[in-house]
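Read through the structure below, which is laid out as structure tokens, and then see the notes.
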Amino acid sequence: QGAIAFKDVHFSYDPARPILKGISFEVPAGKTVAVVGPSGAGKSTLSRLLYRFYDIQSGTITVDGQDIRTVTQKSLRSAIGMVPQDTVLFNDTVAYNIRYGRTSASDGEVFAAAEVAQIAHFIETLPEGFETKVGERGLKLSGGEKQRVAIARTILKAPPILILDEATSALDTTTEREIQTALDVVSKNRTTLVIAHRLSTVIGADEIIVLKSGEIAERGTHAALLEQN
Ligand code: ADP
Ligand code: ADP
């Protein structure tokens, strides 16, 4: 579920300056595709287009074969879990932030038992210290802790599609490794688009796309790309 296809996608913020120049690739359902490349190549723009922050000028983006312009933004976004580079949390408790998106006037604070079990299990696997922060104001958390909150929120939402936009690039090496392990668990069997700045962080991806100046410069598995370079 959640197969993604970009077909000849063109996009510019400013008509005089094309950012994406005919991008085509697919993320088969349940697979992981990573987009790497230098800063300014258009990697984050790709993920924002999938989330429909902006509309493309030509080409198509489909999810499960359906053009994303024909589905409501609400239903599109409910199918996508986004873990960004800098997680912005609500100025509230960690618990509130984790639940965000699952609470409404009708369901209040009530979760399905299965969800509670899932999130409890996940928090248990986090490095110690995280539990004691629950209840503190979100903004006091470290970068790594904020990322865990974002990941926990994504797990609770259980979306078929995941976008990891440089989700570990703002972290120190040790924290990056811990978060990477958590992300590997979350992305297993989910359609995942990973945006990364280094090839070394996306070894397990089913396909890696190297984006340069808004064009696909190379593509292949990690091993194949290493051989070419
Ligand atoms: P990457 O993620 O590969 O670093 P981005 O997709 O963030 O690249 O940016 C690609 C290009 O688009 C850059 O030149 C950037 O300056 C420009 N850009 C990004 N966001 C905007 C925006 N909101 N308005 C105008 N230009 C933008
Ligand atoms: P929707 O349009 O589907 O209601 P939003 O655009 O409000 O979704 O938010 C999309 C996602 O971005 C949410 O699932 C949430 O994870 C995150 N988000 C949005 N606003 C904030 C915020 N102020 N603080 C933390 N996360 C936010």
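None of the figures in this text is laboratory data; all of them are computed from the coordinates on show. The model shown is predicted, which means the values in this text are computed figures rather than measured ones. Virtual Cβ from ideal backbone geometry, glycine too; neighbours counted across all protein chains shown.
Things worth noting here:
- 29 Å Cα-Cα threshold exceeded, pairs from Lys43/Lys74; Lys21/Lys146; Lys21/Lys157; Lys74/Lys212; Lys31/Lys157; Lys74/Lys146: Lys21/Lys146; Lys21/Lys157; Lys74/Lys212
- Stretched out straight at 0.36 nm per residue, the stretch from Thr70 to Arg219 would grow longer than its current Cα-Cα span by 50.7 nm.
- Figure legend: label point modelled 7 angstrom from the Cα of Ala16 along Cα→Cβ; residues of the range 25-60 with amide N under 20 Å from it are 57.
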